[in-house]
Amino acid sequence: MSEQKIQAPKGVSEYVPDRSNSFELVRNALIEPAKRAGYQLIELPIFEDTELFRRGVGESTDVVSKEMYTFEDRGGRSITLRPEGTAGVMRAVIEHGLDRGQLPVKLWYAGQFFRAERPQAGRYRQFYQVGIEAIGLDDPAIDAEVIAIADAGFKSLGLSKYRLEITSLGDLSSRAAHRVELLKFIETLDLDEATAERAKLNPLRLFDDKREEMKKAMLSAPLLMDYLNSESLEHFKMVTKYLDRMEISYVLNPRMVRGLDYYTGTTFEFVHELLGAQSGIGGGGRYDGLMQALGGQALSGIGFGLGIDRVLLAAEAEGIISEDAFVSDLYIIPLGDTAKEFALKIAKDLRSAGKTVEIAFGDRGLKGSMKAADKTGAAYVIVLGESELESGTVELKHMQTGESSSVKIASLQQCL
RNA sequence: GUGGACGUAGCUCAGCUGGUAGAGCACCCGGUUGUGGUCCGGGAUGUCGCGGGUUCGAGCCCCGUCGUUCACCCCA
């Protein structure tokens, strides 16, 4: 009688071999450009005080109002599994006084995030992101560089079927002016109950409605872009100028909507063409009031979050990723117990010299072991038997050509 | 949260109008005793997601449940 199988919780994304190789490749590719731009790792807890997200992300957002994994810990504290990265980073920056040194503070992170949504292709309850934050200066050149870093990650993977959309959400005064006009406009529309409810929470949301009739109705809606004050407009123009200079192509999307309340000014999104409804592979923007809202000084910041799961899906959709990432330099087949002892020792020494070495375990016979060696894709194979142990010499077989040569065990390292 | 589709060996799937399960790939063993990828032969494998119900009898019908998937919503 076997026990009932336990399944993974609903909607989590898991990566097991061989696909995990692709996952690792994607994650590292997305991190690398940030490191090269001088960003440093910040490793943070996966759960935080619930209040952090209420204040940081915004009470009115869907993320906070209905998608958080919140629970009480044993001390009666309200804890929430992080639904996004920026709020936690800001909390840590303030708590550790990182903003007291030279600005901007430049940080990167990678890890899993949690949102209790209905799962769908590219949308999971536990998902992975790589993100960066540049805090403390509102130089538009930083905005451009942040965008360039994200773009470089996608490009290094070979992605091409995506586009960068950017806009500016302006500063608080620009937004307030626009909001008045937008609300006036929305009043003239005949909305169903659910849509009216959404409009109440965030009128900008209506720009994102997928229904044709709504798209049409919103065509004549007042655009935030047209309400930017001179400062905001100037900042945005500089950002696009820098992007042009770096030859990063983008499309202006004055109807872009973001789901987190803290965004101000420069805002962007990377959209992939081959993905389904969940086509955003990354996005981010500037946030002016966030640090202050969390009890820190009034510094601005900008950052992005890139979805590793979705970038992997996109890379697979473009057919630019292969799973066979792991290949050993040498595969050792020991015949007999004494040989096994030597195999372990040889493998250990070669590994500490930087070689990737595998051993055939389980006494399965030479033929089976050769098959196993073949499957791992190892470059070379040696068989360790009595005669080899006596002579201290092995036949080093190159698997692709099938040719082999006699090599002293002591000098294996130089031959791999 | 709302609506639709789906859930059979590790994987991809077949299974006619209900009669207690199959293919391909993968896996293991062997093809004269120490050398792989091809070929040939042999083999193991499933509480047909789970729980109820209808029926003489259910993988096929009904209900529930869990999960997957697609769209909405939202977003990475």
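Quick notes
- A:TYR109 vs. criteria of a type outside the set (Val, Ile, Thr), in contact with a Phe, Trp or Tyr (Cβ under 9 Å, 6 or more places away or on another chain) and assigned to a strand (DSSP E or B): no
- Within the stretch A:180-211, tally of residues that are of a type in the set (Lys, Arg) and within 8 Å of RNA strand B (Cβ to nearest atom): 4
- Residues (under 16 Å from A:SER369 (Cβ atoms) and without any contact (Cβ under 8 Å) to a residue 24 or more places away in the chain) located in the stretch A:341-351: A:LEU344, A:ALA347
- Where a residue in the stretch A:190-212 is within 21 Å of A:ARG175 (Cβ to Cβ) and outside any loop (DSSP other than H, G, I, E, B) and its partner, wherever it lies, is within 11 Å of RNA strand B (Cβ to nearest atom) and small (Gly, Ala, Ser), with Cβ under 6 Å and at least six apart: A:LEU201/A:SER60; A:LEU206/A:ALA199
- Qualifying positions in the stretch A:288-303 - over 20 Å from A:THR50 (Cα atoms) and either of a type outside the set (Val, Ile, Thr) or at pLDDT below 95 (or both): A:ASP288, A:GLN297, A:ALA298, A:LEU299, A:SER300, A:GLY301, A:GLY303
- Filter result (touching a Lys or Arg at 6+ places or on another chain (Cβ under 6 Å) and either surrounded by fewer than 20 Cβ atoms within 10 Å (Cβ to Cβ) or in a helix (DSSP H, G or I) (or both)) within the stretch A:258-293: A:VAL271, A:GLU273, A:LEU274, A:GLN278, A:ALA293
- Residues that are surrounded by 22 or more Cβ atoms within 10 Å (Cβ to Cβ) and more than 16 Å from RNA strand B (Cβ to nearest atom), drawn from the stretch A:300-320: A:SER300
- Filtering A:LEU107, A:LEU30, A:LEU52, A:LEU98 for residues that are without any contact (Cβ under 8 Å) to a residue 60 or more places away in the chain and either among the small types (Gly, Ala, Ser) or in contact with a helix residue (DSSP H, G or I) (Cβ under 8 Å, 6 or more places away or on another chain) (or both) leaves a single hit, A:LEU98.
- Of the residues making up the stretch A:201-214, just one is modelled with pLDDT of 85 or more and out of contact with any Lys or Arg (no Cβ under 8 Å at 6 or more places or on another chain), namely A:LEU204.
- Inclusion of A:VAL93 among residues that are outside any strand (DSSP E or B), over 17 Å from the mean Cα position of the chain (by Cα) and buried (at least 23 other Cβ atoms within 10 Å of the Cβ) is warranted.
- When A:VAL64 is tested against the conditions (1) surrounded by 20 or more Cβ atoms within 10 Å (Cβ to Cβ); (2) more than 13 Å from RNA strand B (Cβ to nearest atom); (3) free of Cβ contacts under 8 Å to residues at least 24 places away in the same chain, the lone failure is (2).
- Any pair with Cβ under 6 angstrom, 6 or more apart, that starts in the stretch A:370-398 at a residue that is assigned by TED's automatic domain parsing to the domain that holds A:THR338 and ends at one that is assigned to a helix (DSSP H, G or I) and within 8 Å of RNA strand B (Cβ to nearest atom): A:VAL381/A:ALA373; A:VAL394/A:GLU388
The values are calculated or read from the model by the stated rules, or taken from the named source; none is laboratory data. In this text the structure is predicted, and so the values were computed from the model without any measurement. As a convention, Cβ positions derive from the backbone with ideal geometry for all residues, glycine included, and neighbour counts pool all protein chains shown.
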